[in-house]
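Student: Okay, handing you the structure first.
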Amino acid sequence: MSLEWKTVELKSIANVTMGQSPKSEFYNDNFEGMPFLQGNKTFGDKYPSFELYTTSIKKVAEKNSVLMSVRAPVGDLNIAQEDICIGRGVCGLQMKKGDNEFLYYLLKANISHLINKESGTVFGSINKNDIETFEVTLPEDSEDQQKILTILKNIDKKIEVCKDLNINLLSIADAIFKKEFRNFDEYLEGDLISSDFGLIPKNWYYKTLDEISDVAIGKTPPRKETWWFSEKAGVKWVSIKDLGNSGTYIFETSEYLTEEAIDKFNVKLIPEDTVILSFKLTVGRLGITTDEMTTNEAIAHFKLDSESPISKEYLYLYLKNFNYDELGSTSSIAKAINSKIVKKIPILVPESNKLNEFKELFENIFNEIKSNQIEINNLTKLRDTLLPKLMSGEIDVSKINCDLE
């Protein structure tokens, strides 16, 4: 490591503000008051979204502050895009001299060491002293800090561009789907016929999911028998959380099942390019597999074959717009529909000429989304590989010619 790097306690370079939650009667979801962040639940990818606001402001993280969850779990990081009220599960950090985004990446590179400080038998947590006395190593030269920041920010900007592109592409596909396959206002009355679910165009009809696809449900081996699971090897095993963290296509999962587990518990293998749907706890999350995978028992998969009247893109958009509230009921514990109900979900099948008219367009849009997700994954791996090397001095940025503008 260069002699121009220094190891310091965090309190010497940053001010730390611990959150304090207002009373619950001052929470609201109607945009009154200041955005309120209780924990990492609404952190999002890099910038937080807000479900709650408060008119009783206790502690504030100023715009551009680094946000960090300090309990259950510890160490999730974010950046405030505006002044926000922070609750007891969050702290705000601001550089005394320098760029807060550099502090964000500095903490991101060292967060595993900070997590080791957490305590608590029920909820892991860290306190203000843990944070302030945490030691970090950084370059003394502010220009070197800025070079590191520029490299990492440029990668993250490219990732955000690809994510925004995919949001827009899916919105375009969704808008076309709604106009052509859900909204029949432009049809003449004589061109519509009655169905069990309202008026539909002539030559269109409803089929249940199990009539147009091979429907299967995933499975979870006994959790206490940890040897059936792996974080690195085996067959990818999709959870509802994985569906939430993925985009339209699923490339990565947090866990794998061993081949032995798949054989012993008869876990269904899902082919590539299969639409999958969560139907327990969080109902309605969707994804499309990118290789052979498995899922837990809260996720159903719909294998289409060459005889199916619809494409995977049509099925994805149809299920994305489906009202699942009509299928099940809500309890105090969780919202769910069972596998029998899933198999009987009614699918509107348009006449073939109408489907063929938009088949290639939908395929092209989804292929572009998939390509962008591959780019996101590659850039994310590049950033995560460079981050510790840049933040440890293994890569000497003083010899890199960066355009700091």
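Student: Spot the failing condition for Ile310; the list is (1) touching an Asp or Glu at 6+ places or on another chain (Cβ under 8 Å); (2) assigned to a loop (DSSP other than H, G, I, E, B); (3) of a type in the set (Val, Ile, Thr), and only one is missed.
Tutor: (1) is the only condition that Ile310 fails.
Student: Look at region 275-297 and say how many of its residues are out of contact with any Pro (no Cβ under 7 Å at 6 or more places or on another chain), surrounded by fewer than 23 Cβ atoms within 10 Å (Cβ to Cβ) and not in a strand (DSSP E or B).
Tutor: Total satisfying the criteria: 8.
Student: Does region 189-200 include one or more residues that are of a type in the set (Ser, Thr, Tyr) and under 24 Å from Gly287 (Cβ atoms)?
Tutor: No, region 189-200 contains no residue that is of a type in the set (Ser, Thr, Tyr) and under 24 Å from Gly287 (Cβ atoms).
Student: For region 182-192, how many residues are without any contact (Cβ under 8 Å) to a residue 40 or more places away in the chain and under 23 Å from Leu317 (Cβ atoms)?
Tutor: Qualifying residue count, region 182-192: 7.
Student: If you don't mind, another one. With Lys236, Lys241, Lys219 as the choices, which residue is part of a strand (DSSP E or B), assigned by TED's automatic domain parsing to the domain that holds Lys280 and closer than 13 Å to Asn296 by Cα?
Tutor: Just a single option satisfies the conditions, and that option is Lys236.
Student: Okay, moving on. Identify, by number, the condition in (1) at pLDDT 95 or above; (2) on the phi > 0 side of the Ramachandran plot that Leu286 doesn't meet.
Tutor: It is condition (2) that Leu286 fails.
Student: If you don't mind, another one. Give the residue that is nearest to Val136 (Cα to Cα), with candidates limited to residues of region 55-104 that are in a strand (DSSP E or B) and small (Gly, Ala, Ser).
Tutor: Per the stated criteria, the residue is Gly75.
Student: I would also like to ask the following. Is region 1-23 home to any residue that is at pLDDT below 80, in contact with a Ser or Thr (Cβ under 6 Å, 6 or more places away or on another chain) and either part of a loop (DSSP other than H, G, I, E, B) or surrounded by 18 or more Cβ atoms within 10 Å (Cβ to Cβ) (or both)?
Tutor: Within region 1-23, none of the residues are at pLDDT below 80, in contact with a Ser or Thr (Cβ under 6 Å, 6 or more places away or on another chain) and either part of a loop (DSSP other than H, G, I, E, B) or surrounded by 18 or more Cβ atoms within 10 Å (Cβ to Cβ) (or both).
The values are calculated or read from the model by the stated rules, or taken from the named source; none is laboratory data. Quick caveat: nothing in here was measured; it's all calculated off a predicted structure. Here the Cβ is made from the backbone with ideal geometry for all residues, glycine too, and neighbour counts use every protein chain on show.
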